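Working notes, beginning with the structure itself.
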Amino acid sequence: MTTREQNDLITQTGPGTPMGDLFRRYWIPALLSEEIAEPDCPPVRVKLLSERLIAFRDTQGRVGLMDEFCAHRGVSLWFGRNEENGLRCPYHGWKYDTAGQCIDVPSEPVESGFCNKIKLTSYPCVELGDVIWTYMGPPELKPPLPAFEWVQVAKQSRFVTKRTQECNWLQAMEGGIDSAHVSFLHRYELKSDSLHVSKGAELTAKTDVAFEVIETPGGMVIGVRRPADEGQHYWRITQWVMPFHTMIPPYGDNALNGHAFVPTDDENCISWCFTHHPTCALTDYELHVMSNGGGIHVSLIPGSFRPVINKDNDYLMDRAAQKANKTYCGVKTIAMQDSAIQESMGPIQDRSKENLTSTDNGVIMARVRLRKAAVAVRQGKQPDGIDPATHAVRSASIVLPQDVNFYEAAADALRAKEGVEHTSV
Amino acid sequence: MTTREQNDLITQTGPGTPMGDLFRRYWIPALLSEEIAEPDCPPVRVKLLSERLIAFRDTQGRVGLMDEFCAHRGVSLWFGRNEENGLRCPYHGWKYDTAGQCIDVPSEPVESGFCNKIKLTSYPCVELGDVIWTYMGPPELKPPLPAFEWVQVAKQSRFVTKRTQECNWLQAMEGGIDSAHVSFLHRYELKSDSLHVSKGAELTAKTDVAFEVIETPGGMVIGVRRPADEGQHYWRITQWVMPFHTMIPPYGDNALNGHAFVPTDDENCISWCFTHHPTCALTDYELHVMSNGGGIHVSLIPGSFRPVINKDNDYLMDRAAQKANKTYCGVKTIAMQDSAIQESMGPIQDRSKENLTSTDNGVIMARVRLRKAAVAVRQGKQPDGIDPATHAVRSASIVLPQDVNFYEAAADALRAKEGVEHTSV
Amino acid sequence: MTTREQNDLITQTGPGTPMGDLFRRYWIPALLSEEIAEPDCPPVRVKLLSERLIAFRDTQGRVGLMDEFCAHRGVSLWFGRNEENGLRCPYHGWKYDTAGQCIDVPSEPVESGFCNKIKLTSYPCVELGDVIWTYMGPPELKPPLPAFEWVQVAKQSRFVTKRTQECNWLQAMEGGIDSAHVSFLHRYELKSDSLHVSKGAELTAKTDVAFEVIETPGGMVIGVRRPADEGQHYWRITQWVMPFHTMIPPYGDNALNGHAFVPTDDENCISWCFTHHPTCALTDYELHVMSNGGGIHVSLIPGSFRPVINKDNDYLMDRAAQKANKTYCGVKTIAMQDSAIQESMGPIQDRSKENLTSTDNGVIMARVRLRKAAVAVRQGKQPDGIDPATHAVRSASIVLPQDVNFYEAAADALRAKEGVEHTSV
């Protein structure tokens, strides 16, 4: 059972919290590259781990991510002028470079050196896979760059979106590693919602299910076993890479899908959605479908990252479709089914009231792993999931003989290897 | 004077509060039968006494009212599937019967008996008078069923609606037992707004008023006396039945009206509106008027129980109508005049700032009675208003000789008797 | 540096706070005369220094400003009937005169004298300059009437508006005495937004600026010096009169402009905007421009005092205009640039995080002056800015020889003198 204290610990990621310290040891997806597409484009507000920040791209194309508010008298730099290699506060013209260093205070003589003493909190950024990542931890502990396969494939093989979710990051992430819910919540979308029909989707409809969770150096693999042909098992294998990356088992010809669940503050998160194909470009058809809210992606309110289907419109609940077995819970699309269900638990789920079963083993083990990692970081240890080698993994769906150890038998399928197609049934 | 502590006591009805314990000894109107009209219809969210519940009607027509959130991992059962005699959580398929008993956990073998150990808090329900009532107290203390006359008349003699009110239940209820405000707040509606013209309405316009409050076994009667013909008094007599039922004195040929003010939480309540005729069916004309927001009923925002006239639109204040003596306070309809005035006192009126007069005796006595009842319940005593005999009362308007005791002289008029018309002038 | 405690002290003006006590020693603009234009017109809700009040004009034209809520049972008198020299509560007809004295309780016999004992907190009002002013302090300390020049000129020489601002009064007021921001935030409006072109606007564009702040009996003058022709300086001189009045230096033929920043509560204020000409009537052209949101005035949402450009629409940010140097911060109009910037600091700016420079001297000195005044008032002393003689000042823009003391050389220009035109370059 999770106590209230444990629940607080694993859900709170603001500055100074144990889980916040852990998160600040990883590279974190902060915003889409396209949000600040051009040099000297408008700055963008970003809230991460309860910190209010401003992102901008300077004249030379360098990315800055720093405290949203001017060090002078607290004006939001969202109103700032991004020009000549710096972001200038609109109130009195104080100017900052991408490192947060103040480089001009017009009212003070240059020779006074005044502006040298002014520096905003800022975080190093790197652009990888159409995403701007940041590192918010101690500079001397900055880890190597993230090396997820979706980051490394060619641009035309990748499709990335993000959306807001109105709940704590952990209940969103727990949905991502909880394969058990697929046969219920997403039952009627197993065939229709994946882009290409597959045999795996048919097998997944079976409810005679067994689970195995294996701890890995970077996180966990969760294997879900269903009966296949005589003497065989159909395995759907999910990856979790600490602290918030998940990889969804694929179907047939479909590309690979994954998420990252990044805390905005303790009651909101961003669900990042990654689709990629290890060996070929995504097709126009696939791109068209995903751009229109298909697959794991969703339609957004224009000018925002909020889904069209959301809490304020009761998720466009369609009771007739639910009754007619077109959707299991009355909400359209797999992604919004997950969001709706997770948000319905409240801003921060009270885990002290839960009743868990064996199919929650993945969730239970992830919580323990996160708690231990937070403690380890406090004791000066390096957390798991930082080593880029732990990122080079894949989810898979695979048919294996009965009586084999799935993790050993699927070892190749679970490894990301350049130029090698993924394993999908 | 009411102290802050006393004010807290009589206004707070959440779990574990003294007034909450008192309320949990009564049958409480929870929702309209028509909100869950059919077997296997969509479940409905209900908040009562600060508890978040879900109501549903199963395949056999049985009504369930239980904790809104699944015992597994806290998902709202509002997304649930209501089928095959139970409500199934959309996340992992856990299923509950109308008693809140978990009857299926798909991931666990039946023989494990796992689901037998899972039970949601649930409350017994009964359907009476087109309303689903619930009892939220200790099972061994469950009282006999409510026996108000409006509950017992034939369906065609009754019209029931409900609406949200954005304030604490008590200031709504106090409006219901405060006959003194009628000559002011509702002055210009006395004739126009009742369905049928009556001599009583004319008499009510007189402001030469005297009050008498009599405690009864189930609550109070409030008699308001105005001059009538030589040697006579016109009496308007309101009933209050503990803890929140009021009955409004009738006019001429009009049906009887009453309310129940049921706490949603401490800052919101539901105003239930009951119209009934003891001996004949309501006419098409009456039904038409009431369905369009006439009498004590109001027009609601479609898909909700929120009045069209509400706080966010400043109650559609019409200053010209107020100046022209078409309404006394600028708000249209008697019901919304009450709501507007009561909501304007704030979410919970601070009674420590009041200055009460003799016409507030009914209000004062009701507060004392409620406080005493809360204490009595804590001491193991049975509260008043539980005995169905105390429900069999009526409001009345009646002309009596001067110098008689109105409560004795009107004894027959104040008793509900099947097949006997009510007393109304 | 400002500590958190000091920040609380200078920003909080509710009842019983030190700064609240200071504010309650001054006449305060409460509402526009035109908000209660006629005798017996509808009452208006007013929130001042965190107190909820109701304003009305009685049958004889007298103005009342008193507690919004009826002394009986707390109903808002906004629903009240304003007739026959008093405001009557719509619930039970209690009636109050403009002094808050209860003059009728219909349920009580006149001879009981009951209503004599009921009196709402009320504040004396005076109408001056199209504004209703109130005094909320101890009656025995009521100061002489305000004597600002804009109050005293002929009606046709004055234009007054007000607008809500969603931040603490102090960060709005600090913008008003901070001349340094003009060359940045308002850079591109210096020429276009003043009603008449002037040489001063050209000179103001120069960024070679020096500041001098002089304490005056009623507040401060802030002189800003820029180079003019050989051997001369162009001075722009702002007046601050305690506690919240500012006067903006004029340009060429333009009228004089000023503000008062009046706390609604600690997180909202009213920005009053005053334009006046000391010797002639405002022209139709000027009135037309200002009525349409020009100069220091802004366009409001009909039926409210909220600007059309506001926080909820991200101040209609126009990035293209910002990039094209049409506005410095992307927000249209000088007044809304100030509002946007000030609101972006948060509801109450945390001044403990600031880094101030020499150009903030005016702001720093004003804070110290306010703190000292609050302490002085606690010690029984009279605060500065109460003596009407301190109101008879003007802002000015003036060219002076180098090496003269600007405050002495501009002494005549800084004095309000009936029939004498203001000094403006």
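The values are calculated or read from the model by the stated rules, or taken from the named source; none is laboratory data. Since we're looking at a predicted model, the values are computed, not measured. Counting neighbours? That spans all protein chains shown, and the Cβs are built from the backbone with ideal geometry, glycine included. Keep in mind that these areas ignore ligands, DNA and RNA; they rest on the heavy atoms of the full protein, side chains included. Shrake-Rupley method; radii C 1.70, N 1.55, O 1.52, S 1.80 Å.
Quick notes on this structure:
- Most mobile listed residue (A:Pro39, A:Pro139, A:Pro217) in chain A, GNM with C-alpha springs under 10 Å: A:Pro139
- For the set C:Met220, A:Met1, C:Met317, solvent exposure ranked by accessible area (probe 1.4 Å, protein chains only) runs largest to smallest as A:Met1, C:Met317, C:Met220.
- Between the stretch A:158-183 and the stretch A:50-109, the alpha-carbon center distance in angstrom: 34 Å
- Label positions at C:Arg319 and C:Val126, each projected 7 Å from the Cα along the C-beta direction, are separated by 5.3 nm.
- The stretch B:209-280 versus the stretch B:351-422: alpha-carbon centroid distance in Å: 9 Å
- Separation of the stretch B:1-36 from the stretch B:292-321 is 26 Å, based on Cα centroids.
- Other-copy label distances relative to B:Gly380, 7 angstrom Cα-Cβ extension, nm: 6.3, 6.3
- Near the amide H of B:Ile301, within less than 5 Å, lie the amide hydrogens of B:Arg306, B:Val308, all on another chain or at least 5 residues away, with H placed in the peptide plane.
- For the stretch C:291-301, Karplus couplings with θ = phi - 60° (6.51, -1.76, 1.60), whole Hz, Gly/Pro x: 5, 9, x, x, x, 8, 9, 9, 6, 10, 5
- Simple label model, 7 Å out from Cα along Cβ direction - C:Thr59 to B:Asp253, nm: 4.1 nm
- Loss of accessible area when B meets C, both sides summed, Å² nearest 100, probe 1.4 Å: 2400 Å²
- Tensor-based shape of the stretch C:349-425 (alpha-carbon gyration tensor, a/c under 1.5 rounded, otherwise prolate or oblate): oblate
- Of the solvent-accessible surface of chain C, computed with a 1.4 Å probe over protein heavy atoms with every protein chain present, carbon and sulfur atoms account for 51 percent.
- Over 26 Å (Cα to Cα) - which of A:Lys162/C:Lys326; B:Lys199/B:Lys417; B:Lys353/B:Lys381 fall in this group: A:Lys162/C:Lys326; B:Lys353/B:Lys381
- Per residue, the average separation of C-alpha pairs within less than 8 Å and at least 6 apart gives chain B a relative contact order of 19 percent.
- Radius ratio Rg over Rh of chain B, counting only Cα atoms, Kirkwood formula for Rh: 0.99
- Under the shape rule built on the C-alpha gyration tensor, where the axes satisfy a ≥ b ≥ c, the stretch B:225-371 is rounded, since a/c falls short of 1.5.
- Modelled spin labels at A:Glu34 and C:Asp412, positioned 7 Å past Cα toward Cβ, are 6.7 nm from each other.
- Take the Cβ atoms of C:Ser352 and A:Asp229, set R0 to 51 Å, and the FRET efficiency comes out at 0.15.
- Among the GluC sites (Glu not before Pro) within the stretch A:387-425, those in coil by DSSP and having at most 12 neighbouring Cβ atoms inside 10 Å are A:Glu418, A:Glu421.
- Efficiency of FRET from Cβ geometry, A:Ala210 and B:Asp312, R₀ 60 Å, rounded to 0.05: 0.65
- Other copies of B:Asn325: label-to-label distances in nm, shortest first, labels 7 Å along the beta-carbon direction: 6.9, 7.0
- The protein assembly as shown: C-alpha gyration tensor shape, a/c 1.5 cut-off, then a/b vs b/c: oblate
- Calculated P(r) of the stretch A:308-407 - Cα pairs past 19 Å, %: 69 percent
- Of the trypsin sites (Lys or Arg not before Pro) found in the stretch A:121-218, the ones in coil according to DSSP and having at most 12 other Cβ atoms within 10 Å of their Cβ are A:Lys206.
- Rounded to the nearest Hz, the phi-derived 3J(HN,Hα) couplings of the stretch A:121-134 under the Karplus curve 6.51 cos²θ - 1.76 cosθ + 1.60 (θ = phi - 60°) are 4, 9, 10, x, 10, 9, 9, 8, x, 6, 10, 9, 9, 10, where x marks glycine and proline.
- Distance violations [Cα-Cα > 20 Å] among A:Lys206/A:Lys332; A:Lys311/B:Lys95; A:Lys311/A:Lys332: A:Lys206/A:Lys332; A:Lys311/B:Lys95
- Among A:Ala411, A:Ala172, A:Ala374, the largest mean-square fluctuation in a Gaussian network model of chain A (Cα springs under 10 Å) belongs to A:Ala411.
- Amide N proximity, the stretch C:49-78 versus C:Asn85 label position 7 Å along Cα-to-Cβ, cut-off under 18 Å: C:56-65
- For C:Glu38, the point set 7 Å out from Cα toward Cβ sits 5.6, 5.6 nm from its twins in the other copies, listed from shortest up.
- Within a Gaussian network of chain A (alpha carbon springs, distance under 10 Å), most fluctuating of A:Asp229, A:Asp97, A:Asp360: A:Asp229
- Environment charge of C:Glu408, counting only residues whose C-beta is closer than 14 Å and scoring Lys/Arg +1, Asp/Glu -1: -2
- Neighbouring partner chain Cβ atoms per residue of A:109-115, average, 10 Å criterion: 1
- Burial of 50 Å² or greater, the stretch C:116-153 residues [accessible area, probe 1.4 Å, versus chain by itself]: none
- In the context of the full set of protein chains, the protein assembly as shown has a per residue accessible area of 38 Å² (1.4 Å probe).
- The mean count of C-beta atoms from other chains within 10 Å of the C-beta of residues in A:2-8, rounded to a whole number, is 0.
- The residue of chain A whose Cβ sits closest to the rotation axis that maps A onto B, together with that distance in whole Å, is A:Asp312, 9.
- Whole-Hz couplings from phi, Karplus 6.51/-1.76/1.60, listed for the stretch C:212-227; x for Gly and Pro: 9, 10, 10, 6, 10, x, x, x, 8, 10, 10, x, 10, 10, 10, x
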